[in-house]
């Protein structure tokens, strides 16, 4: 009887141990595995490292001297002074420039180019053809004083040529002048720094106009041209916008095509008027807005503009045809003078041009359909577009720029655009990845998909690549890599799946698991404990028996 | 002084840039655009007043110049179409029924069961599915001022959404931090009208946020008056007096945020309006109210234009293919029928 009870107890104990083992060895890991949040491992250390990187951008400069008076010793001195000048006053902060200079004398081929050129811009075009000038490589041309092309102030061509004439004997002065022109105007170090700081998010100083106005770097932009016919029953103005876009805007969009997708749209709005009444000047019999009213007239009109389907930044350009009662309508500056252009700009938004069309004569059959001079319209809007894209140099260094005219953008301006956008993209993408890494590190509940992992990996890769390319001076490739980086990093950061499991806080986990696990775990653990005790007892017994 | 002389010297030697006189280097304000996120978090007929609150604020910001494309309006229930509404398709914020705040052009972006904590956080942080239309997105940048207005039923540290879930003050603070890190705002004005409203902004830690709440922790926010015709309260006290203030603000107004904070003293509100300014870098006394409630844009007069050469049609046509359908420049426009929808074969 005792023996049977003993056997029974052994069976009980082994059963308890068996269940306990199943629960602990299979159950717990299985539960752990199935409720685990799926997280792809991200290159956290790489992302941390990216923040430590210092951006360096390389620039190539070749100086070609056409000046016969400059002997080899002069050229060597020029080279030395130029290097000194370019390395002086580095921009503060994490970003620096690296110039590679090369000073040489003209070849016979080049001197024949000079003698055959009729003007500086002609020589500029010819040099571009001969050298097949690439991004980020600038040619400083020293014109002899004897040449008919000699220039008073530095002249920057439409391509990547800068023309100087040595006035004084002092080579150091010339080198300084070249250095300053390159840094301030051509490379625009200050703009690059501003773009970097804006993207980095340092907001300690008040942003200046350039920084406020410049549209942020984005893979695409939507440009909308709108004609506002306020009284189409009287004046139904017509515009040939399609032709104007083909003829005047396309040189710019074609140049930028490789770097940003630009969608151009146009529309005509009827019966839309300015909500703010203009002031009336009875003496001159005209109406006007001052800078006080202008900020308020945009919004009521903007409400009618509609919005594009994409999420790109929008740029709006409006031609407003005033009503008969408002005509003629002018914009007056702070001194009370009528503004010649009759147009204004709102930063990061676009521009408005008030197009005064003379009222129809008394006996005309209404509506009259005058057509708008699109050249004038585009002259205004393209200038505003150059401001918004920060292509225009507006500084205090005295230089002569060859007017861009119908090409709209000069090659060296495009380089500047690429450079500041590349730097901005790099800073933004790095900050985005850091923020994402910080968020994912903080909240362990966020699922990280394979997609996100992949995007982050490729963003890190592209950023590294872009840093390297920028340093070596391959500007275009660096920009394209930085664009890849920003697209990938934004995609990862804004991925909707990041929020899916967020609303499942830790404390609620306990609320769910305790009612489930407590009733099971209590008998399992207590019987395991009993079994353990029984083993010790039987061990003690057998030992006692042996003794 | 020396700098000024240098500046004038340097401008005098300009060759190209002499055309534009030394212009001011800065714009009037530091933001370029305004956004508003207006949230009513509660549903059911007896919460009529919350819908009226949010629609009234919507009407005000729109009147002051923020376009619909820059307003995200979240309304958890459709009072205008409620069968218990004796005057369908209207919502009034006053028993006198002067203004129908559910007017002709109300653009509700998220309505009914779309108003969830998740969607609200998604809008703020920008983590929306790619198919979300532009009008439902907060596409702000580092130069945007954002007004966030919330109303509903709240408690200490949370605001209830839809009677089924709630947003906690920590979640909201984290969402704002995410926005800051991704440079999605320049300044935020956070305004909340709910019970124990102050608790919602106590956890904020991101810079450049100005916040005002209708009541302190432990206090209830009360409704203003009942409309006997529909049998429910039509507006909350704080919003009522705030609107009274906003009605006197015109788009070019110079009223300041500090004046706005003095709205609804305890004697009117029966709760203490609470303000948080420590995260905000500017002085509320010098911050004008239209920095948040309106949209006063910066402008720059154009003193220069590009010189283009007349590009005739032939010139541009020779390179690319010609634009085929040019509208006639003047005279009678040809009439034509609208194109039919393609019919299935």
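What follows is calculated from the coordinates using simple rules that are stated; it is not laboratory data. Only a predicted model underlies this, so the values are computations on that prediction, with no experimental measurement involved. Every residue, glycine among them, receives a Cβ derived from its backbone with ideal geometry; neighbour counts consider all protein chains shown.
Observations on the structure shown:
- Rounded to the nearest 500, the helix-only mean residue ellipticity at 222 nm of chain B stands at -6500 deg cm²/dmol, with each DSSP H run of n ≥ 4 adding -39,500 (n - 2.57).
- Pair residue A:471, residue B:28: separation of 7 Å Cα→Cβ label points (nm): 4.8
- Relative contact order [Cα under 8 Å, 6+ residues apart], chain B, whole percent: 18
- Ordering B:79, A:83 from the fewest to the most neighbouring beta carbons within 10 Å gives A:83, B:79.
- Residue order, fewest to most surrounding Cβ atoms within 10 angstrom, among A:212, B:191: A:212, B:191
- Using the average count of surrounding beta-carbon atoms within 10 Å as a protection proxy, the listed peptides A:218-226, B:202-210, B:115-123 rank, highest first, as B:115-123, A:218-226, B:202-210.
- Centre separation in Å (Cα based) which lies between the stretch A:94-142 and the stretch A:427-446: 46
- Averaged over peptide A:340-351, the number of partner chain Cβ atoms lying within 10 Å of each residue's Cβ comes to 5.
- Per-pair calculated FRET efficiency, R0 = 30 Å: residue A:88 and residue A:464 via Cβ, rounded to 0.05: 0.50
- Taking every C-alpha pair closer than 8 Å and separated by at least 6 residues, the mean separation divided by the residue count of chain A gives a relative contact order of 19 percent.
- Averaged over peptide B:143-154, the number of partner chain Cβ atoms lying within 10 Å of each residue's Cβ comes to 1.
- Counting Cβ atoms of other protein chains within 10 Å of each residue's Cβ and taking the mean over peptide A:143-156 gives 1.
- Result for chain B in a Gaussian network model with C-alpha springs under 10 Å: among B:31, B:98, B:70, the largest mean-square fluctuation is at B:98.
- Order of A:100, A:211, B:297, B:43 - criterion: other Cβ atoms within 10 Å of each residue's Cβ, fewest first: A:100, A:211, B:43, B:297
- For the peptides A:335-346, A:420-431, the ranking by mean Cβ contacts within 10 Å, running from highest to lowest, is A:420-431, A:335-346.
- For the stretch A:215-389, DSSP calls about 20 percent of its internal beta bridges antiparallel.
- Here the relative contact order of the stretch A:58-192, from alpha carbon pairs under 8 Å that lie six or more residues apart, stands at 32 percent.
- The label point for residue B:309 and the one for residue A:338, both projected 7 Å from the Cα toward the Cβ, are 3.1 nm apart.
- Computed from the C-beta positions of residue B:136 and residue A:17 and an R0 of 51 Å, the FRET efficiency is 0.30 to the nearest 0.05.
- For chain A, the antiparallel share of DSSP beta bridges with both residues in that region comes to about 15%.
- The modelled label-to-label distance for the pair residue A:520/residue A:28, using points 7 Å beyond Cα in the direction of Cβ, is 1.3 nm.
- Between the stretch A:25-86 and the stretch A:170-198, the Cα center-to-center distance that results, in Å: 21
- Stretched out straight at 0.36 nm per residue, the stretch from residue A:438 to residue A:173 would grow longer than its current Cα-Cα span by 90.3 nm.
- Chain A: calculated mean residue ellipticity at 222 nm from DSSP helix runs of at least 4, using -39500 (n - 2.57): -15000 deg cm²/dmol
- Those residues of the stretch A:324-355 whose amide nitrogen sits under 15 Å from the label point placed on residue A:264, 7 Å along Cα→Cβ: none
- Among B:239, B:305, B:32, residue whose mean-square fluctuation peaks in a GNM of chain B (springs only between Cα atoms under 10 Å): B:305
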